[in-house]
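Taking it in order: structure first as structure tokens, then the write-up.
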Amino acid sequence: MPPASQDDDAALLRGIAQGREASLAQLISRHGRGLTAIAARYLGNRAEAEDIVQEVFFRVWQNATRFDPARAKPKTWIYSIAVRLCIDRLRKLKLRRLFGLGAGMDAAEDVGDQTPATDQALADRQALALTRKAISALPDRQRMAILLAAVGGLETARIAETLDITPGAVEQLLVRARRSLRDQAALHEGPLR
């Protein structure tokens, strides 16, 4: 499938606003994976991320008639919904852990195949685990900005719209996040570089 364009996404949102389930299916096909990847990395839990993505598309279905292309690009609007849901879910998860109501997030999730591997494969999995741990330790806004840039492929201006901050503030978040990740890499002899 060719890459999604903003015009294609806008047409799909118009179709969704008219009740076309096929338009929703296409939008899910285009953005579901990227949203799941960002949510999983932000929340540290794939099952929670999948729930978030379902909720994102449910809200898109419910609110497509309210989408205003003059205020935001379709991808920005969709990712903004995901960002708000991720932030809310993480707050709830932290509160549940605080009161001992949940098992918490699985930090080792998605580390990879657990079959015996070569030394390089083991080192790669360890580096990936350290990277995920370092990203999860970032402050919420830094974590979301770096994930939107790295995983979502959003440009600074789109991240600014998604997080409802200025592009300069996004740049500062990204600079601080990258610095923190480099510092963590230095502590672990470079696996995060």
Residue in the range 45-67 that is farthest from Arg20 (Cα to Cα), counting only those that are surrounded by fewer than 22 Cβ atoms within 10 Å (Cβ to Cβ) and in contact with a Ser or Thr (Cβ under 8 Å, 6 or more places away or on another chain)
Arg46
Which count do you get for residues in the range 129-180 that are among the charged types (D, E, K, R) and under 15 Å from Trp77 (Cα atoms)?
4
Looking at the range 30-42, can you tell me whether even one residue there is out of contact with any Ser or Thr (no Cβ under 7 Å at 6 or more places or on another chain), in contact (Cβ under 8 Å) with a residue 12 or more places away in the chain, assigned to a loop (DSSP other than H, G, I, E, B) and surrounded by 15 or more Cβ atoms within 10 Å (Cβ to Cβ)?
no
I'm checking my understanding of the structure. Among residues of the range 159-177 that are surrounded by 14 or more Cβ atoms within 10 Å (Cβ to Cβ), in contact (Cβ under 8 Å) with a residue 24 or more places away in the chain and charged (D, E, K, R), which one is nearest to Ala134 (Cα to Cα)?
Arg176
Would you mind stating whether Ala17 is aliphatic (A, V, I, L, M) and out of contact with any Lys or Arg (no Cβ under 7 Å at 6 or more places or on another chain)?
yes
State all residues of the range 68-78 that are out of contact with any helix residue (DSSP H, G or I) (no Cβ under 6 Å at 6 or more places or on another chain) and surrounded by fewer than 16 Cβ atoms within 10 Å (Cβ to Cβ); if no residue qualifies, say none.
Asp68, Ala70, Arg71
So, in the range 139-158, exactly how many residues are without any contact (Cβ under 8 Å) to a residue 60 or more places away in the chain and crowded, with 21+ Cβ neighbours inside 10 Å?
3
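Yes/no matrix, rows are residues, columns are (1) at pLDDT 85 or above; (2) under 18 Å from the mean Cα position of the chain (by Cα):
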site: Arg132; (1), (2): no, yes
site: Pro139; (1), (2): yes, yes
site: Thr156; (1), (2): yes, yes
site: Val170; (1), (2): yes, yes
site: Ala185; (1), (2): no, no
Determine, yes or no, whether Ser180 is surrounded by 18 or more Cβ atoms within 10 Å (Cβ to Cβ), hydroxyl-bearing (Ser, Thr, Tyr) and part of a helix (DSSP H, G or I).
yes
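The values are calculated or read from the model by the stated rules, or taken from the named source; none is laboratory data. Only a predicted model underlies this, so the values are computations on that prediction, with no experimental measurement involved. Please note: Cβ atoms are built from the backbone with ideal geometry, for glycine as well, and neighbour counts cover all protein chains shown.
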